[in-house]
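The values are calculated or read from the model by the stated rules, or taken from the named source; none is laboratory data. Since the structure is predicted, the reported quantities are computational estimates derived from the model, not experimental observations. Using ideal geometry, Cβ is built from the backbone for each residue, glycine included, and neighbour counts are taken over all protein chains shown. Heads up: the accessible areas ignore ligands, DNA and RNA and are worked out on the full protein's heavy atoms, side chains in. Shrake-Rupley method; radii C 1.70, N 1.55, O 1.52, S 1.80 Å.
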Amino acid sequence: MIQTNRFDLTPREEIDAMSTVNKAGLEDVVVSTSDICFIDGREGRLIYRGYDVDDLAAQSTFEEVVYLLWYGALPTKKEYDAFYKTLSATATRKLPPKLVALLRGLPKKTTPMEVLRTGVSALSAFDPDDPDNSREAEIRKAMRLTAQMPTLVAAWERIRRGKAPIAPNPKLNLAANFLYMMSGKKPTELAAKTFDVALILHADHEFNASTFAARVTAATLSDMYSAITSAIGALKGPLHGGANEQVMIMVDKIKDPAKAEAWIRKAIADKARIMGFGHRVYRVEDPRAKHLRRLAAELGRQAGDESKVKILNTVARVMTEEKHIYPNVDLYSGAGYAAMGIPTDQFTPIFAMSRVAGWAAHVLEQHGNNRLIRPRAEYTGATRATYVPISQR
Ligand code: CMC
């Protein structure tokens with residue numbers, strides 16, 4: 001901590017004083033208070049607004065969790081019904097035709113995360129509330145984004161396969177409607193329930209990289225769409241949301257459960273980074289992993305392919321025994337999605353479809369008590385370089 005008034009110091013002394021608190025990657029740095037989400041990294045607990053995610057996964061729905069994150073309390077029946085009705089209305093879910101035309105104009109090789117980042121940014125141009133940053137307008141924008149992102153993800157899946165997008169079905173909840181818009185078929189009860197639980201489990205996670213990116217953008221008093229677009233960009237990387245895709249790429253490489261043990265032992269010996277393991281905050285297994293492991297196993301059994309979960313279980317056993325590094329949320333989610341027939345490069349957009357609930361809650365909280373987020377660097381470059389004209393270099 002800097003004890004002296006920083007204005008009494010020379011610029012160099014000021015930076016030197018600050019560098020005593022320089023923590024690479026902002027590890028364990030607390031940048032703000034927040035009422036939204038708590039992670040107990042030692043006990044492996046995750047809490048949204050006071051409620052344990054284990055209880056929410058067992059008893060709640062994604063729509064109710066969205067309400068909880070934005071309004072800070074569980075809804076009454078009346079509040080829930082009104083909220084659910086707006087969130088699932090076709091008017092809220094459907095995409096502007098000009099946005100669909102924009103999607104059709106993209107090269108077919110565009111990745112789903114690129115499409116999502118581009119589409120979400122473009123949606124701001126169609127939002128009647130766009131210039132308004134009041135809480136009421138931001139909730140309406142968050143509602144549209146949460147409802148439209150699944151439509152956008154599914155529309156791109158159809159368009160890139162040369163098929164027409166499927167209109168949302170207001171009779172289905174967000175999870176079931178997404179699976180329906182992807183395939184054109186109503187999902188099984190197990191698939192719809194599993195997907196809903198996966199959405200609950202991914203809905204928020206304190207100041208993770210993408211949420212922090214959203215808050216940094218919001219803290220300049222920029223708007224909801226800009227904040228969510230920043231967050232999508234941060235989520236895309238393989239050290240964050242992109243890890244779930246990388247896990248499935250690893251599973252596809254291993255292919256045979258009988259080969260998993262040798263594969264992971266060699267990877268450990270080669271000092272490889274294994275996706276779906278490790279966490280900045282958890283010192284034990286990520287509490288979300290157990291739910292996704294169970295659901296992926298059930299879906300695998302129903303689909304008649306248990307090999308993916310078997311491979312992951314072997315990899316997890318060896319990683320835990322040899323490295324004491326535990327599964328995170330990204331280890332088992334993809335195996336469940338794959339059993340539902342979802343392509344690997346859609347796993348991270350699905351993560352975003354859920355996390356938008358948390359991102360929006362954090363933008364609302366940031367705007368409710370804002371201060372610009374503007375850290376410093378510990379400058380390690382030269383300070384007295386003499387300029388040499390280009391003709392003399
Ligand atoms: N595989 C192999 N070694 C690992 C892993 C891993 N997945 N994770 C951490 N380590 C080792 C790392 O090599 C280092 O060892 P050493 O001290 O001997 O050099 C030590 O553990 C600390 O690692 P770190 O990279 O300094 O830790 P971090 O807090 O900066 O990184 C992490 C956290 C999540 C980026 C990292 O664990 C990782 O790269 N995991 C794989 C990617 C992944 O699954 N990401 C999803 C994270 S959870 C969901 C989400 O946020 O999207």
(request) Check every one of the helices (runs of 4 or more DSSP H) wholly within segment 147-246 and list those with 1 or more residues that are of a type in the set (Lys, Arg). (result) 189-202, 209-219
(request) Confirm whether residue 378 is open to solvent by 70 Å² or more (accessible area, probe 1.4 Å), in contact (Cβ under 8 Å) with a residue 40 or more places away in the chain and assigned to a helix (DSSP H, G or I). (result) no
(request) Quick one: count up the residues across segment 264-281 that are open to solvent by 10 Å² or more (accessible area, probe 1.4 Å), within 12 Å of the ligand (Cβ to nearest atom) and not hydrophobic (A, V, I, L, M, F, W, C). (result) 6
(request) Working only within segment 133-165, note down all residues that are open to solvent by 40 Å² or more (accessible area, probe 1.4 Å) and in contact with a Lys or Arg (Cβ under 7 Å, 6 or more places away or on another chain). (result) 160, 164, 165
(request) Would you check if there is a residue in segment 88-109 being under 21 Å from the mean Cα position of the chain (by Cα) and of a type in the set (Val, Ile, Thr)? (result) no
(request) Working only within segment 234-251, note down all residues that are out of contact with any Asp or Glu (no Cβ under 9 Å at 6 or more places or on another chain), open to solvent by 40 Å² or more (accessible area, probe 1.4 Å) and in contact (Cβ under 8 Å) with a residue 40 or more places away in the chain. (result) 249
(request) Please work out which one of (1) open to solvent by less than 80 Å² (accessible area, probe 1.4 Å); (2) closer than 23 Å to residue 370 by Cα is the condition residue 87 fails and give its number. (result) (2)
(request) Within segment 298-318, identify whether any single residue is basic (Lys, Arg), more than 12 Å from the ligand (Cβ to nearest atom) and surrounded by 21 or more Cβ atoms within 10 Å (Cβ to Cβ), and answer yes or no. (result) yes
(request) Considering only segment 208-233, state which residues are of a type outside the set (S, T, N, Q) and surrounded by fewer than 20 Cβ atoms within 10 Å (Cβ to Cβ). (result) 209, 212, 219, 221, 233
(request) Please tell me if residue 116 is touching a Leu at 6+ places or on another chain (Cβ under 7 Å), part of a helix (DSSP H, G or I), hydrophobic (A, V, I, L, M, F, W, C) and away from the ligand (no atom under 16 Å from the Cβ). (result) no
(request) Kindly provide the set of residues from segment 280-330 that are out of contact with any helix residue (DSSP H, G or I) (no Cβ under 9 Å at 6 or more places or on another chain) and either farther than 23 Å from residue 253 by Cα or not in a helix (DSSP H, G or I) (or both), ordered by number. (result) 281, 282, 283, 284, 304, 324
(message) Just to verify a result, which residue in segment 208-262, among those that are outside the structural domain of residue 139 (by TED's automatic domain parsing), among the basic types (Lys, Arg) and within 16 Å of the ligand (Cβ to nearest atom), is farthest from residue 282 (Cα to Cα)?
(response) 253
(request) Determine, yes or no, whether residue 219 is modelled with pLDDT of 95 or more and in contact with a Leu (Cβ under 6 Å, 6 or more places away or on another chain). (result) yes
(message) Would you confirm, using the coordinates I've provided, whether residue 342 is part of a loop (DSSP other than H, G, I, E, B), more than 18 Å from residue 291 (Cα to Cα), in contact (Cβ under 8 Å) with a residue 40 or more places away in the chain and within 14 Å of the ligand (Cβ to nearest atom)?
(response) no
